[in-house]
Amino acid sequence: MNYRESYGLHASNGILFNHESPRRGETFVTAQNHARVAHILSGLQDKLFLGNLDAKRDWGYAKEFVEAMWLIVQQEKPDDYVIATNETHSVREFLEVAFGHVGLDWRKYVEIDPKYYRPAEVDLLIGDFSKARKQLGWAPKTKFAELVKLMVDADVKLLKDHREGRIKVAG
């Protein structure tokens, strides 16, 4: 906003809340969850160690967030937008949906490890995309459970394809 106002630049800002997809790197809790569900289902792993299961986040589908970014840069007048779902779900809910999707009870596989607690945990993150809806015509389409299942299915397929020799996994 400073550069836009100070130098007359056509610069917009998108404040993107957690945007997830099957391509999410494994350093993120969601990727750990959906990838490990596939590993547990296939017998490659028997436990998943996590920290705060009660942390709540506003998780949306990255593909839809990219569409929002495209809409932002198409605007004649630059502005700032929040891109989010205005819904919040806990890590625990993520586990329930992910493991439940493949017929497993997450409580049998997940253990709490204090080393995964953040020293400055934000308990609740939620965004309000009403301005993006009003000015861009954008709204998230993929609901939380559908997103989690999409991510789990992608990892299950990836492992199956690897095991059947259709793809090689680096590392």
Please report the relative contact order for the chain, taking Cα pairs under 8 Å with a sequence separation of at least 6, and give it as a percent rounded to a whole number. 32
Nearby lysines by direct alpha-carbon distance to residue 77 (threshold 22 angstrom, same-chain neighbours under 8 apart not counted): 131, 134
Would you mind checking the tilt of helix 62-73 against the longest principal axis of the Cα atoms of the chain, expressed as 0 to 90 degrees and rounded to 10? 10
Roughly how far apart, in whole Å, are the Cα centres of segment 46-116 and segment 138-157? 10
Kindly work out what percent of the DSSP beta bridges joining two residues of the chain are antiparallel, to the nearest 5. 15
For residue 72, what accessible surface area do you get with a 1.4 Å probe? Give it in Å², rounded to 10. 10
Hey, what's the chain come to in accessible area per residue, 1.4 Å probe, Å²? 60
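The values are calculated or read from the model by the stated rules, or taken from the named source; none is laboratory data. As the structure is a computational prediction, the values presented were derived from the model and not from experiment. Quick note on the areas: whole protein, heavy atoms, side chains included, nothing else; ligands and nucleic acids left out. Shrake-Rupley method; radii C 1.70, N 1.55, O 1.52, S 1.80 Å.
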